[in-house]
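See structure below.
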Amino acid sequence: MKRRIMGLITGTAICLTMGASLLNPVQAQAAKKTAVTAEIEIPIEVEVDTEAILRDDMVSYALQFVGNPYVYGGTSLTNGTDCSGFTMGIYKNFGMSISRTSREQATDGKSIKSSELKKGDLVFYASGGRISHVAMYIGNGKIVHASNSRTGIIVSNMNYRTPYKYVSII
């Protein structure tokens, strides 16, 4: 998702004869009036990684809900949500639709390796071989998730439990 942005920088160059500053005030004013003005254009090209910007924006958005309550079956990022309602709500804010439960979300997108994790990817945890929890990767080995009714939405080390699966939706 890299996008090239092309544009022009336009500037004005004023060329005065050498030594114009040595002229008397009347001559200097006349020199300024007859000065040559030229516009120059300098083409520029900038690459913008829109995917990285989107991922950073998603993480920033998710982190603003840290401290809010966990409610089993909930989907309100402010009044209470469970783990999958949390990830679903974050993605929804950015125009992406993912499934409602953590087990279903594990089949959305593309399975990836832990070494391929990027901000905004989903990290799944299992109990007895069945997916039971989902979190969003925020970088530097950390996740944000709706943990439980005691702690609510928190930031944790990704390996606070052994991750079961990683999925990229973006």
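The values are calculated or read from the model by the stated rules, or taken from the named source; none is laboratory data. Just so it is clear, the structure is predicted and the values come from calculations on it, not from any experiment. FYI the Cβ positions are ideal-geometry reconstructions off the backbone, even for glycines, and counts take in every protein chain you see. For the accessible areas, the whole protein counts, side chains as well, though only heavy atoms, and no ligand, DNA or RNA atoms are used. Shrake-Rupley method; radii C 1.70, N 1.55, O 1.52, S 1.80 Å.
At a 1.4 Å probe, what is the % contribution of carbon and sulfur to the accessible area of region 53-136?
49
Using a cut-off of 9 Å between beta-carbons, work out the net charge of the residues near residue 136 (Lys and Arg +1, Asp and Glu -1, residue 136 not included).
It works out to a net charge of 0.
Using label points projected 7 Å from each Cα along Cα→Cβ, tell me how many nm separate residue 93 and residue 156, to one decimal.
Output for this residue pair reads 2.1 nm.
Output ³J(HN,Hα) for region 139-154: one whole-Hz value per residue in order, computed from phi by the Karplus curve 6.51 cos²θ - 1.76 cosθ + 1.60 with θ = phi - 60°, and x for Gly and Pro.
For region 139-154, the Karplus curve yields x, 6, x, 10, 10, 10, 7, 7, 6, 6, 5, 7, 9, x, 7, 9 Hz.
Under a crude label model (7 Å from the Cα following the beta-carbon direction), how far is residue 116 from residue 148 in nanometres?
According to this spin-label approximation, the distance is 3.2 nm.
What span do the alpha-carbon atoms of region 84-128 cover on each of the three principal axes, reported in whole Å from largest to smallest?
Cα extents, longest axis first: 27, 25, 15 Å.
Taking 0.36 nm per intervening residue step and subtracting the Cα-Cα distance, what contour gain separates residue 63 from residue 45 on full extension?
3.2 nm
List every residue whose amide H lies under 5 Å from the amide H of residue 161, counting only residues 5 or more places away in sequence or on a different chain, with H placed 1.01 Å from N in the peptide plane.
Counting only residues 5 or more places away or on other chains, the set is empty.
Label region 58-101 by shape, choosing from rounded, prolate and oblate, from the square roots a ≥ b ≥ c of the eigenvalues of the Cα gyration tensor; if a/c is under 1.5 it is rounded, and otherwise prolate applies when a/b is larger than b/c, oblate when it is not. Show your work: numbers first, answer last.
Values: a/c = 2.33, a/b = 1.11, b/c = 2.09.
Verdict is oblate for region 58-101.
5 Å is the cut-off here: which amide hydrogens, built 1.01 Å from N in the peptide plane, fall below it relative to residue 112, excluding neighbours closer than 5 in sequence?
166, 167, 168
Could you order the peptides 102-110, 77-85 from most to least packed, using the average number of other C-beta atoms within 10 Å per residue?
The packing order, highest mean first, is 77-85, 102-110.
Counting only other residues whose beta carbon sits under 11 Å from that of residue 126, what net charge do I get with K and R as +1, D and E as -1?
Numbers: positive: 103, 130, 161, 165; negative: none.
Within the 11 Å Cβ shell, the charges total +4.
Sticking with the crude label model, points 7 Å out along Cα→Cβ, report the distance from residue 71 to residue 100 in nm, one decimal please.
1.5
Where does each of 153, 53 land when they are ordered by accessible area, with a 1.4 Å probe and the largest first?
My answer, sorted largest first, is 53, 153.
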